[in-house]
Amino acid sequence: MEPKMNFHPTKVKIDGADRLIRGFTYVFVGIFAVMCIIPFWMIIASSFSTEAAIRRTGFTLWPTSFSTYSYDLIFRSPAQLIGAYVVTVVMTIIGTSVGLFIISMTGYALQRKDFPFRNGISFYIYFTSLFSAGLVPFYYLMVKVYGLKDSYWAVLLPLLMSPWLIILMKNYVKAIPHEITESGKIDGAGDFRIFWSLIVPSMTPALATIGLFLALGYWNEWYYSSLFLGSQVTYRPLQYWLYNLINKVAALKNSLAATQLVLDDLPSETLKMATATLATGPIILLYPFVQKYFVAGLTVGAVKG
Amino acid sequence: MQLNLQAKPGKVAAPSLVHRESFWHKVSKSRVLLLMCFPAILFFFLFSYLPMPGAYIAFTKFNYNKGIFGSPFIGWKNFQFLFGNGQLLLLLRNTVFYNLVFILLGNFLQVLLAILLNEVQSKWFKKTAQSMMFLPYFISDVLVSLLVYNLINYDYGFVSNMVRTAGGVMPKYYSMPGAWPFIIVLVNLWKGTGYGTVIYFAAITGIDTSMLEAARVDGANGFQRIRYILLPCLKPTVVIMLLFAMGGIVKGNFGLFYNLVGNNSLLFNTTDIIETYVYRALMNNFNFSQGSAVGLFQSVVGFAIVMIANGVVKRIEPEYSLF
Amino acid sequence: MAKKLVSLLVALAMVLCLIPAMAETAETTDYSSWFPGVDTSEHVVLTFLVTGNIPTNKTNDVLKVFNEKLTKAINAEIQIEWIEWTDWQTKYNLALAMQDGTVDLVGTATDWLDAWPNSKNGAFLPLSEDMLKTYCPKTYASVTPEHWNLCKYDGQIYLIPEDNYAQWTNHGFLYRGDWAKEAGLTNGVNSWEDLGTYFQYIKDNKPDVIPWDADGSGSSYSDQMFGGWISSKTGGINIEGFSAPLFFGKSTTDPYTLSTFYTEGDDLVNFAKLMKQWADAGYWREDVLNYTGDQKAELEEGLSGAQQHHTQTWKTERYLMEQKQPGSDVGFFWFGKESNTLVSLNITHGALAIAAQSDAPERALMAYDLIRNDQTFYRLFNYGIEGQQYIIDANGYMARPDTYKDDTVDGMSFDYWWGRNDALELRSALTDWPAYDKLMEEYNAVKIDYPYGQVVFNTDDISAELDNLSNVFRTYAPVITFGKEDDPEAYVAEFRQALKDAGIDKVMENVQAQIDAVYKK
């Protein structure tokens, strides 16, 4: 039952086609990857620059004059930053685990051919991605009926799952051989037991993928935070903190508000960059961590054996 | 390709049972599976279905004091500004065009990258490349537009400076509407490819390796393996992703377009989508009902398109349909 | 015995002399005479809806002190509900739409916070004269009946105006007086042509400076530049309440006839031509329409020669510039100067409303009355704690104490733009008062009151046309403002045709009729 890695390079001959593919990959992917990292690098570099330098020369790959002023500013009241981190991390962990559990359960059930209600329930779930009543009814329900204003649950709950994730999961589980379920049934196990003990260990890549997407959803979320977390909440999630900073400028310049208010204390470019760097920080490290789960789970051979 | 057995749904008893009983029979037979679906069913009921009647707001002149259902009914008036200005066709054209390109080109690139990365031996390369490709996803649209501006603005852009030192002439991109379909598509691909590749990479990893081993032993080379095993295995995932995207074909990515183009009306002809138009129209004239009306319109159109597309797929290959 | 008596008398006299002094320096703690007969036995928490980001400086500390005093005075405290700038319009309107008693006081404005649409949509409580007399006595008395009339919709008062506060937010260009003099403009910039000369001078002589490094991505520039040209060259007056600045009164002498600037005549064409000329001359960046820089910061760093904003901004900026760019002598070219067209701010530019379903409207009004009319509360709410955020120097001006290092850490702000009061305002030491007073003289000589305060426009019949006109404006105006079209005359013709197609004639008729109904009886 050990997980198998992909190929045995020492045993099989590497032919010309393989070499061509591999060469092409290295070049193509390599260029693309570099294109992805350069702008990110520029953001980090700019956050360490002086404001004046940014205004004169724009973004560069290396700060022309070094300064940690923006970081000093942010760390002067670190309580906000730390609080934001804690809130975001806790929410991500809880939301991802609970959501992943529910999604994988549902995805498994929906792809079982012997489940008579699967089409109906699939449609029921999918329909919600097509029709949305809009903001006002949803807000009304959350605030007045469920009483979730100023509560972290207002952010955590709506992100637990989405039709897209459930359908994606269903698709992944479909690829797992039906024999596994069959053999479980023969052994007399109930559906949930089959799911938990047999199916879940076989779907590690799927769990990793959906889990990653859920985690990213929580980490990057600012919309529900903006709507529901008001002044009585001390610590707001990271991305929302960043957005507030950036949007103050945009809001004041794009509306008639700009005509009335005095535009002082607008955040500087370097402050925006520093905040963006801090808000992204650790999540980048999540993906390499998740990477190692991208290995094949149980194989048919193992089951048959 | 699938090794599933075609199990027949539910009924084991003789066909002479009464219809009503067989429904409850079905429920009791699959009660564990139903229970497993229950949290999701509850979730969508609470957060998606309960608010739905509130879509009525699109047909009212919303009064804060009277609430949605107490506000006066005004029929189609909220839709007039969208339909009556001659712009709708242009907006729909742009919205759908960009979405189609994003979906088709995007998925193609993601599948390509997933397959290529799978072929590569070096674990280090795989890991690093994938992590790096993921990074753009984290950069918010506001910062993306700032970066693009820093690259290609005529006076002081990074690219402009390089072009001028090389003796060339820099095009004035921000005044050229024709360039922006390309720029926006490129930016969207840059931002979303890393994220999407993971989907297909996970699907590939889930492929039964004994099949691939057998193919190798049989002497199949790289191209053949890709063509006859990997691609067919990815097909269900691709179809699902495409089908799902159809539902949102008239819904644009507001953040991306608004931040890249902003208020530069020179570019509106080729970059204006429904969301950005509505935002500008309602910017100093805030109106919940009109905003809801647009959302409703987009939902109805998306629904129609998906029903048609799913129907077509069901006829061709029922296993690949969404529902 | 006599000695003892004398010393007793002296002591008594001293004590008697001290009493008035003690009364002067002691705070008014007894407010029962302010609100006679009002029962304040129940403690109330009032929520004040305000736009702004949740503060991370000393604002909450100030609020604590404020609430202690407010509790002693009327047994109430204020909680601020900040509507943060992300998606602020949506959130502000959602807060009003919920109507569940969680909002009491609402900061609003007729120009940018949709005060009238919200009043019509049932967001606010109608305030009866009795209510105002009892719970808001000093404010009620200080606002004249004419002004109260301007706050009515359908015969009911919905807004309490900030009408005793001289705020000038008329727009124009801040420019550097030192460079203007070098350019030969000895009296400063007094016309659009002068501005052109000024820009050209910078272009020719200061290679590192962009004459006006405008961040054209901000959509409000079109509004200001168009409005500025119209007031300067035609004397037109902007009519508030519409999503695009398409409706102007003809002039200060004939404000109730609509200007035809947009539909006919050469003024619009001249504007387009001049802006194109300026764009070609390089007074701003090539890709100005997507530039998101900060023109204020650039002016301060000497990278830009002008900032387009309003008088209030100039007031603070002038002083700041003397520190950052000594000798800069920042002047203000106000739009309308050429034709002496100047309109005072509409009294409801900033106003206070009470939410329709507030559960403590009386106490809310009382709190507002105190903030607006009592020195202690006014200073706390506007300036902070004396000794921490401000000190009063020898001249009676407000200055910063030595412990005050940085706005972001030591400062405070309640974004209170809804009821400031000149009677209680402190002059800040960080302003060039002689220059400001001189400008005020200029203003007071020609200003008129906002002529359209009485009419609350009903846009139900024309709302679709207005949305489309707004869109047409947002499509053509930025291009004209920054001269990005190829052929100004042809482009203006196209603009006019698009306006026609969107229904501007019908809308102008409708608006004119509404104005006539009120003013041409």
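The values are calculated or read from the model by the stated rules, or taken from the named source; none is laboratory data. Please read all numbers here as calculations on a predicted model, not as lab measurements. So basically every Cβ, Gly included, is an ideal-geometry build from the backbone, and we count neighbours across all protein chains shown. Heavy atoms of the whole protein, side chains included, go into the accessibility calculation; ligands, DNA and RNA do not. Shrake-Rupley method; radii C 1.70, N 1.55, O 1.52, S 1.80 Å.
Taking a point 7 angstrom from the Cα of A:Gln232 along the C-beta vector, which residues in the range C:64-95 have backbone N less than 13 Å away? Answer for the range C:64-95: C:79-82. Given in Å, the Rg to one decimal and the Dmax to the nearest whole number for the Cα atoms of the range A:78-247 are 18.8, 60.
Rank these by accessible area, largest first, 1.4 Å probe: C:Asp178, C:Asp130. Mind dumping the intermediate values first?
Values: C:Asp178 40, C:Asp130 105 Å².
Most to least solvent-accessible, the answer reads C:Asp130, C:Asp178.
Residues within the reach of a label modelled at B:Leu186 (point 7 angstrom out along Cα to beta-carbon, backbone nitrogen below 18 Å), restricted to the range B:70-106, are B:98, B:101-102, B:105-106. Projected label points at C:Asp254 and C:Gln375, each 7 Å from Cα along the beta carbon direction, are separated by 5.1 nanometres. Projecting the Cα positions of B:Val278, B:Trp190, B:Leu266 onto the charge dipole of the range B:179-323 (unit charges on Cβ atoms of Lys, Arg, Asp and Glu, taken about the Cα centre) puts B:Leu266 furthest along the positive direction. Put simply, the amide H of C:Gln79, placed in the peptide plane, has neighbours under 5 Å in C:Leu46, C:Thr47, C:Phe48, leaving out anything fewer than 5 places away on its chain.
Based on the alpha-carbon gyration tensor of the range B:79-320 and its eigenvalue square roots a ≥ b ≥ c, which shape applies: rounded if a/c is under 1.5, prolate if not and a/b is larger than b/c, or oblate?
Details: a/c = 2.71, a/b = 1.33, b/c = 2.03.
Oblate.
For a 31 Å ceiling on Cα separation, which of these pairs sit above it: B:Lys66/C:Lys152; B:Lys66/C:Lys58; C:Lys250/C:Lys273? Flagged as over cut-off: B:Lys66/C:Lys58. At an R0 of 60 angstrom, the distance between the Cβ atoms of C:Asp407 and A:Asp187 translates into a FRET efficiency of 0.30.
3J(HN,Hα) couplings calculated from phi for the range B:275-281 with the Karplus curve 6.51 cos²θ - 1.76 cosθ + 1.60 (θ = phi - 60°) are, in sequence order, 4, 5, 4, 4, 4, 5, 5 Hz; Gly and Pro show x. To the nearest ten degrees, helix C:220-229 and the longest principal axis of the Cα atoms of chain C are 70 degrees apart. Separation of the range C:138-152 from the range B:226-257 is 62 Å, based on Cα centroids.
With a simple spin-label model that places each label point 7 Å from the Cα along the Cα-to-Cβ direction, the separation between A:Trp196 and C:Asp208 comes to 7.1 nm. Measuring between their Cα centroids, the range A:44-119 and the range B:43-67 lie 32 Å from each other. Relative intensity of chain C on a log10 scale, I(q)/I(0) at q = 0.06, 0.07, 0.08, 0.13 Å⁻¹, equals -0.34, -0.46, -0.59, -1.42, per a Debye sum over C-alpha point scatterers of equal strength in the absence of solvent.
Summing +1 for each Lys or Arg and -1 for each Asp or Glu among the other residues whose beta-carbon sits under 15 angstrom from that of B:Asp272 gives +2. Counting charges near C:Gly249 (Lys, Arg +1; Asp, Glu -1) among other residues having Cβ under 14 Å from its Cβ returns a value of -2.
A simple spin-label model places the labels of C:Asp100 and B:Leu242 4.6 nm from each other, with each point 7 Å out along Cα-to-Cβ.
Determine the total buried accessible area between chain C and chain B, counting protein heavy atoms only with a 1.4 Å probe; round to the nearest 100 Å².
Working: alone 23920 and 21090 Å², together 41660 Å².
Roughly 3300 Å² of accessible surface disappears when C and B pair.
Indicate, rounded to the nearest 5 percent, the antiparallel portion of the DSSP beta bridges found entirely in the protein assembly as shown. Intermediate results must be reported in sequence, preceding the final value.
Values: 28 of 43 bridges.
Beta bridges within the protein assembly as shown, antiparallel portion: roughly 65 percent.
If I fit a long axis through the Cα atoms of helix C:433-446 and take the longest principal axis of the Cα atoms of chain C, what angle between them do I get, 0 to 90°, rounded to 10? Between helix and principal axis, roughly 60 degrees.
Can you give the alpha-carbon Rg of the protein assembly as shown over 2.2 N^0.38 Å, where N counts its residues?
On the way: Rg = 33.3 Å, N = 1149, 2.2 N^0.38 = 32.0 Å.
Computed over Cα atoms of the protein assembly as shown, the ratio equals 1.04.
The alpha-carbon atoms of the range B:169-269 define a convex hull whose volume equals 145 cubic angstrom per residue. Look at where the Cα atoms of the range B:263-323 and of the range C:448-512 average out, and the two centres are 28 Å apart. Normalising the average separation of contacting C-alpha pairs (under 8 angstrom, six or more residues apart) by the number of residues puts the relative contact order of chain B at 24 percent.
Counting only the backbone N, which residues of the range C:225-243 are under 17 Å from the spot 7 Å out from the Cα of C:Gln277 toward its beta-carbon? Residues C:229-230, C:232-234 fall inside that zone. For the range C:438-485, the Kirkwood estimate of the hydrodynamic radius, built from every pair of different alpha carbons, is 14.5 Å. For the pairs C:Lys206/C:Lys337; B:Lys61/C:Lys120; B:Lys251/C:Lys484; A:Lys113/B:Lys26, flag any whose C-alpha to C-alpha distance is greater than 19 Å. Distance filter (> 19 Å) returns C:Lys206/C:Lys337; B:Lys251/C:Lys484.
In chain C, the longest principal axis of the Cα atoms and the axis of helix C:361-373 are about 80 degrees apart.
Using Cα pairs under 8 angstrom and six or more residues apart, how large is the relative contact order of chain C, in percent?
Computed value for chain C: 23 percent relative contact order.
Counting Lys and Arg as +1 and Asp and Glu as -1, what is the net charge of the other residues whose Cβ lies under 14 Å from the Cβ of C:Thr234? With Lys, Arg at +1 and Asp, Glu at -1, the neighbours total -2.
When only Cα pairs under 8 Å and 6 or more residues apart are kept, what is the percent relative contact order across the range B:80-185? Provide the component values of the computation, followed by the final result.
On the way: 35 pairs, mean separation 18.6, N = 106.
The normalised contact order for the range B:80-185 reaches 18 percent.
Which value, in square angstrom to the nearest 100, describes the accessible area buried between chains A and B on both sides, using a 1.4 angstrom probe? Could the numbers behind the result be given before it?
Numbers: alone 19360 and 21090 Å², together 29990 Å².
The buried area between A and B, both sides summed, comes to about 10500 Å².
Take the cross-link list B:Lys191/B:Lys314; C:Lys69/C:Lys138; C:Lys181/C:Lys233; A:Lys149/B:Lys191; B:Lys126/B:Lys191 and give me the ones stretching past 27 Å between alpha-carbons. Don't skip to the answer; put the middle values down first.
Working: B:Lys191/B:Lys314 32 Å; C:Lys69/C:Lys138 19 Å; C:Lys181/C:Lys233 24 Å; A:Lys149/B:Lys191 33 Å; B:Lys126/B:Lys191 19 Å.
In this structure, B:Lys191/B:Lys314; A:Lys149/B:Lys191 lie more than 27 Å apart at Cα.
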